[in-house]
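Accompanying notes for the structure given below.
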């Protein structure tokens with residue numbers, strides 16, 4: 001379990017080696033603190049544990065509880081009722097209009113489109129950094145070049161598209177000027193296309209970093225061996241590099257999928273408040289103070305995201321990679 | 001061999017296009033923020049001026065943007081300090097075995113991948129229920145008078161619910177960075193210090209801390225910038241006071257002048273300044289460490 005982390009794995013190796021060499025045995029024993037095993041790490045981990053319990057675990061438990069509450073226009077009514085879940089899926093079973101299902105289909109579509117672009121693009125960028133940039137300092141510099149935008153505001157990165165994609169924007173002017181179209185394209189901004197474009201813009205880095213990490217761990221001799229055995233570049237890629245970078249791709253996919261599934265800011269700004277998403281549904285309920293309904297939506301979203309993560313982790317043992 | 005060269009060329013082109021894609025739009029609004037007074041939200045440039053920055057500093061077009069600016073700055077600094085301290089302690093704790101370490105690690109990862117809207121909503125609900133409880137208890141006179149709970153409105157705010165919401169986002173990054181740092185950290189240093197009779201605190205203070213100090217700059221950088229730009233987890237959890245990104249999001253639907261680009265450029269400028277300061281501090285920390293250790297790495 002704890003050997004999931006390399007440092008714990010290192011400690012385990014050291015412990016295993018202890019009987020073999022007296023020095024290692026002494027080192028292993030002296031790694032225990034003088035005040036007695038356990039006390040110090042507990043105290044050091046306490047602030048972290050406290051923050052996560054107070055602001056992650058407890059809020060999620062509260063959400064689960066409130067999703068069973070009733071509510072009126074003005075107040076929340078503690079209760080145990082399935083009203084919120086029933087209303088969520090109203091019409092779904094009777095064959096009527098099921099808005100929740102439609103919202104999920106719309107969100108899944110955005111998610112699939114975003115993954116379809118970010119995974120190959122992130123892989124290509126990571127592959128270039130890992131295999132084609134020879135010097136370490138150049139690699140670090142280029143890597144930082146990709147990372148810096150991550151540290152700036154998402155909203156600003158979204159509004160930056162307005163002068164490019166708007167009706168009067170750079171792209172439409174260029175298209176009109178070149179005669180490729182005879183009137184401005186409307187679907188460039190405030191559309192599904194714009195939302196996916198913004199997701200790709202914001203989240204490709206979340207694929208690049210873990211895939212790069214996986215690629216850097218590949219023993220270069222494996223690739224030489226493949227080449228010596230007569231594999232073409234394409235065969236090496238498909239049979240050696242891709243399988244070994246699967247963990248990175250899976251972690252990247254988990255990041256992108258969870259970010260997109262819960263998103264409401266990007267869908268709101270880039271979709272011109274016209275496109276449905278699960279995150280927006282939650283936000284809308286909260287804005288109308290229908291907190292139990294928002295909580296029920298939130299619980300279902302969490303369940304769906306957890307299922308998606310479970311499916312992705314089945315493809316790969318993510319814990320071994322961290 | 002020609003295949004490899006072609007792939008290098010190809011992927012180099014993809015990489016260059018990717019970087020252009022990353023930076024292009026931001027550079028566009030940087031340029032457009034210097035529009036002349038008659039200029040609009042798109043090209044062409046209608047003259048070149050600082051008009052929109054002047055408007056921004058007057059606070060004319062945008063309501064109360066400077067108090068949001070101040071709030072985000074103060075919150076960012078608080079998050080930065082707490083993230084650095086808590087992540088350092090947490091990362092150090094994971095160097096040894098302790099009961100519940102696997103569970104705690106899973107919580108850290110969960111904090112990163114649970115949808116932000118769910119975290120934000122949960123914190124909002126938690127504080128709402130807390131407020132109701134405080135009010136109810138005050139009504140029946142169960143709380144001491146010095147708490148001043150009679151006129152309690154809400155415990156929600158920038159430095160309560162808001163701070164907690166941000167920490168759930170910044171701490172996982174901080175902890176993962178500390179993992180990467182401590183993974184490469186030589187155990188021999190601690191062992192040597194202990195063998196020389198250093199107390200556990202002495203080992204931490206004089207052997208561990210100087211070695212990890214440069215990396216702590218990175219944790220601080222992530223702490224501040226992630227908080228400064230945070231929006232999804234802030235959305236429900238800030239109470240009355242909006243942070244700068246929340247105000248900006250509101251402006252996206254109403255803004256009709258390049259003032260929003262000036263504000264965007266300024267916000268990006270703060271992030272860029274913090275990144276630059278972090279690199280300078282990192283270099284300084286490495287230099288002083290090298291001096292202190294007489295040329296050792």
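Every number here is computed from the coordinates shown, using simple stated rules; none is lab data. Predicted model only: the values in this text are computed from it and were never measured. Here the Cβ positions follow ideal geometry from the backbone for every residue, glycine too, while neighbour counts run over all protein chains shown.
Figures for the structure shown
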{"item": "Förster-model FRET efficiency, 56 Å R0, residue A:105 and residue A:39, C-beta, rounded to 0.05", "result": "0.60"}
{"item": "Reciprocal mean inverse distance between Cα atoms of segment A:37-152 - Kirkwood radius, Å", "result": "20.2"}
{"item": "Estimated translational D of the protein assembly as shown in µm²/s (Stokes, Kirkwood radius over Cα pairs; 10 °C; 1.306 mPa s)", "result": "59"}
{"item": "As computed over chain B, the Cα convex hull volume per residue (Å³)", "result": "243"}
{"item": "Volume of the Cα convex hull of segment A:67-321, divided per residue and given in Å³", "result": "202"}
{"item": "Sites residue A:144 and residue A:90, calculated FRET efficiency, Cβ-Cβ separation with R0 45 Å, nearest 0.05", "result": "0.35"}
{"item": "The protein assembly as shown: calculated mean residue ellipticity at 222 nm from DSSP helix runs of at least 4, using -39500 (n - 2.57)", "result": "-21500 deg cm²/dmol"}
{"item": "Extent along principal axes [Cα atoms of segment B:129-199; Å; largest to smallest]", "result": "61, 30, 15"}
{"item": "Label point distance in nm, residue A:170-residue B:45, each placed 7 Å from Cα along Cα→Cβ", "result": "1.3"}
{"item": "Segment B:4-126: equivalent-ellipsoid semi-axes (sqrt of 5 x gyration tensor eigenvalues, Cα, Å)", "result": "41, 29, 14"}
{"item": "Tail fraction, Cα-Cα pairs, segment B:81-205, threshold 17 Å, whole percent", "result": "69"}
{"item": "Base-10 log of normalised Debye intensity for segment B:99-148 (one unit scatterer per alpha-carbon) at q = 0.23, 0.26, 0.29 Å⁻¹", "result": "-0.82, -0.92, -1.03"}
{"item": "Compactness of segment B:170-255, expressed as Rg and Dmax over alpha-carbon positions, Å", "result": "19.8, 66"}
{"item": "Gain in span if fully extended, residue B:205 to residue B:253, counting 0.36 nm per residue against the direct Cα distance", "result": "12.2 nm"}
{"item": "Whole-number D in µm² s⁻¹ for segment A:189-322, Kirkwood Cα-pair radius fed into Stokes-Einstein, 20 °C, 1.002 mPa s", "result": "124"}
{"item": "Footprinting exposure proxy for B:191, A:90, A:73 (fewest neighbouring C-beta atoms within 10 Å first)", "result": "A:73, A:90, B:191"}
{"item": "Two-site FRET efficiency, residue B:20 against residue A:274, from Cβ-Cβ distance with R₀ of 22 Å, rounded to 0.05", "result": "0.15"}
{"item": "For A:313, B:28, A:107, A:72, order by how many other beta-carbon atoms lie within 10 Å, fewest first", "result": "A:72, A:313, B:28, A:107"}
{"item": "Per-peptide average of other Cβ atoms within 10 Å, ordering A:224-231, A:140-147 highest first", "result": "A:140-147, A:224-231"}
{"item": "Globularity ratio of segment A:278-319, using Cα Rg and 2.2 N^0.38 Å", "result": "1.51"}
{"item": "Kirkwood hydrodynamic radius over Cα pairs of segment A:46-92, then Stokes diffusion coefficient at 37 °C and 0.692 mPa s, in µm²/s", "result": "264"}
{"item": "Residue B:184 versus residue B:286: modelled label distance in nm, points set 7 Å from Cα along the beta carbon direction", "result": "1.0"}
{"item": "Segment A:129-273 - Kirkwood radius from inverse mean 1/r over Cα pairs (Å)", "result": "18.0"}
{"item": "Cα→Cβ-extended label distance, 7 Å offset, between residue A:246 and residue A:136, nm", "result": "3.1"}
{"item": "Which of B:225, B:153 has the fewest Cβ neighbours within 10 Å, and the rest in rising order", "result": "B:153, B:225"}
